[in-house]
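Down below is the structure, laid out as structure tokens.
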Amino acid sequence: MTPLRLNLLLAVILTLVSAIALFAGSGGAGPAALIAPDDELGSLVLRELRLPRVLLGILVGAGLGAAGAALQGFFRNPLADPGIVGVSASAGLGAVICLYFGLSSLFALALPVAGVIGAAFGVLALFAIAGRGASATTLILAGVAVNATAGAVTALLMNLAPNPWALAEIAYWLMGSLGDASWTEVGFAAPVILTGLIVLVPLARGLDALGLGEETARSLGIGLGRLKLAVVLGTALAVGGGVAVAGAIGFVGLVVPHVLRPLVAWRAGALILPSALGGAVLIILADLATRLLSGPGIPLYLGVLTALIGAPFFLWLVRHTQRRAP
């Protein structure tokens, strides 16, 4: 399948699942709400709750999927993922620091900026520890180190939280959810995540060349330093913007690129845009499942569901990679 056909197919699937997510569930927000008066309940639910939730899910999923594909292409390792290698935890730490010290009240974009800065530090730490072309074992160990450090500092801040309500707010936020999505969150996340995608998508040629080896990439005119900087910046923006508004949502950047990779003839560069679309589809479906499965007073968090899906997949992928290793 050509990349163009794959992208068109994924775009159609995304449109369909987004429409289902808009109208599924209770609240009177069925298709009839599209033509209902603005002040009716169904119209309000559709416009003020469902639509921003779906748009935010598309943004967050696209950022996570594209970042996962870019990291896997740069490291030339299918185990790279923003969550597994510590980028999401670092973005979460940046956002938690912003919340803990009250910096989010300084200006409107303080929380997304803090998430982006945290994600950037996470990516830079991963590059410093593992290096480019790291083995699966080295990559996992480096990710464990980054994850553990970010998790430890986050736990310290939670331990020092001034009151139980602040602790609960941080804990629930870290589980990841689109439940509080509003047009404000969409306005915060959209510029950050879209900028990250704008940085990542044009890296296709460089990542395809890097897949042939560093010397070949250099002979083709690819500046590896610039490529590394673009991967760091794009991943930080795409992941940090999403984590800042939706919390930690893991394994999307691992599962989606791995599923789609055979459909693009294993080309790392051609995988970025399909992974963005596929990540958006996965988040919309997972969020729809959390809405339909949550009971009264017992919400199912999006990050919990994606972890339940992604963790077994990751274990299978590790075993599969070991069997293929010489």
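Would you confirm, using the coordinates I've provided, whether residue 104 is buried (at least 18 other Cβ atoms within 10 Å of the Cβ), assigned to a helix (DSSP H, G or I), free of Cβ contacts under 8 Å to residues at least 24 places away in the same chain and of a type in the set (Gly, Ala, Ser)? Quick ask: steps written out before the conclusion?
Values: buried (at least 18 other Cβ atoms within 10 Å of the Cβ): yes; assigned to a helix (DSSP H, G or I): yes; free of Cβ contacts under 8 Å to residues at least 24 places away in the same chain: yes; of a type in the set (Gly, Ala, Ser): yes.
Criteria met by residue 104.
Identify all residues within region 213-239 that are β-branched (Val, Ile, Thr) and over 28 Å from residue 92 (Cβ atoms); write none if there are none.
Within region 213-239, 216, 222 qualify.
More than 30 Å from residue 298 (Cα to Cα), among the aliphatic types (A, V, I, L, M), within 18 Å of the chain's Cα centre (by Cα) and in a helix (DSSP H, G or I), is that true of residue 142? Show your work before the answer.
On the way: more than 30 Å from residue 298 (Cα to Cα): yes; among the aliphatic types (A, V, I, L, M): yes; within 18 Å of the chain's Cα centre (by Cα): no; in a helix (DSSP H, G or I): yes.
When the stated conditions are applied, residue 142 does not pass them.
For the list (1) in a helix (DSSP H, G or I); (2) more than 22 Å from residue 176 (Cβ to Cβ), I need the number of the one condition that residue 90 fails.
All conditions are met except number (2).
Is it the case, given these coordinates, that residue 78 is touching a Pro at 6+ places or on another chain (Cβ under 8 Å) and not in a helix (DSSP H, G or I)?
On the way: touching a Pro at 6+ places or on another chain (Cβ under 8 Å): yes; not in a helix (DSSP H, G or I): yes.
Answer is yes for this residue.
All but one of (1) within 29 Å of residue 215 (Cα to Cα); (2) surrounded by 22 or more Cβ atoms within 10 Å (Cβ to Cβ); (3) modelled with pLDDT of 80 or more; (4) not hydroxyl-bearing (Ser, Thr, Tyr) hold for residue 124, so report the exception by its number.
Checking residue 124 against (1) within 29 Å of residue 215 (Cα to Cα); (2) surrounded by 22 or more Cβ atoms within 10 Å (Cβ to Cβ); (3) modelled with pLDDT of 80 or more; (4) not hydroxyl-bearing (Ser, Thr, Tyr), the one that fails is (2).
Examine region 53-66 for a residue that is under 26 Å from residue 306 (Cβ atoms), at pLDDT below 85, of a type in the set (Val, Ile, Thr) and under 13 Å from the mean Cα position of the chain (by Cα), and state whether such a residue exists.
Taking every residue of region 53-66 in turn, none turns out to be under 26 Å from residue 306 (Cβ atoms), at pLDDT below 85, of a type in the set (Val, Ile, Thr) and under 13 Å from the mean Cα position of the chain (by Cα).
Please find, among 292, 305, the residue that is buried (at least 16 other Cβ atoms within 10 Å of the Cβ) and either assigned to a helix (DSSP H, G or I) or touching a residue at least 24 places away in the same chain (Cβ under 8 Å) (or both).
Values: 292 fails: buried (at least 16 other Cβ atoms within 10 Å of the Cβ).
Residue meeting the stated conditions: 305.
Show the residue pairs that are 6+ apart or on different chains and have beta-carbon atoms under 6 Å apart, the first residue being within region 52-71 and without any contact (Cβ under 8 Å) to a residue 24 or more places away in the chain and under 19 Å from residue 202 (Cβ atoms), the second being surrounded by fewer than 24 Cβ atoms within 10 Å (Cβ to Cβ) and among the hydrophobic types (A, V, I, L, M, F, W, C).
none
Looking at region 10-28 only, could you name the residues that are surrounded by 13 or more Cβ atoms within 10 Å (Cβ to Cβ) and either at pLDDT below 65 or hydroxyl-bearing (Ser, Thr, Tyr) (or both)?
18, 27, 28
The values are calculated or read from the model by the stated rules, or taken from the named source; none is laboratory data. This one's a predicted model, so the numbers in the text were calculated from it and none came from an experiment. We place every Cβ from the backbone using ideal geometry, glycine too, and count neighbours over all the protein chains shown.
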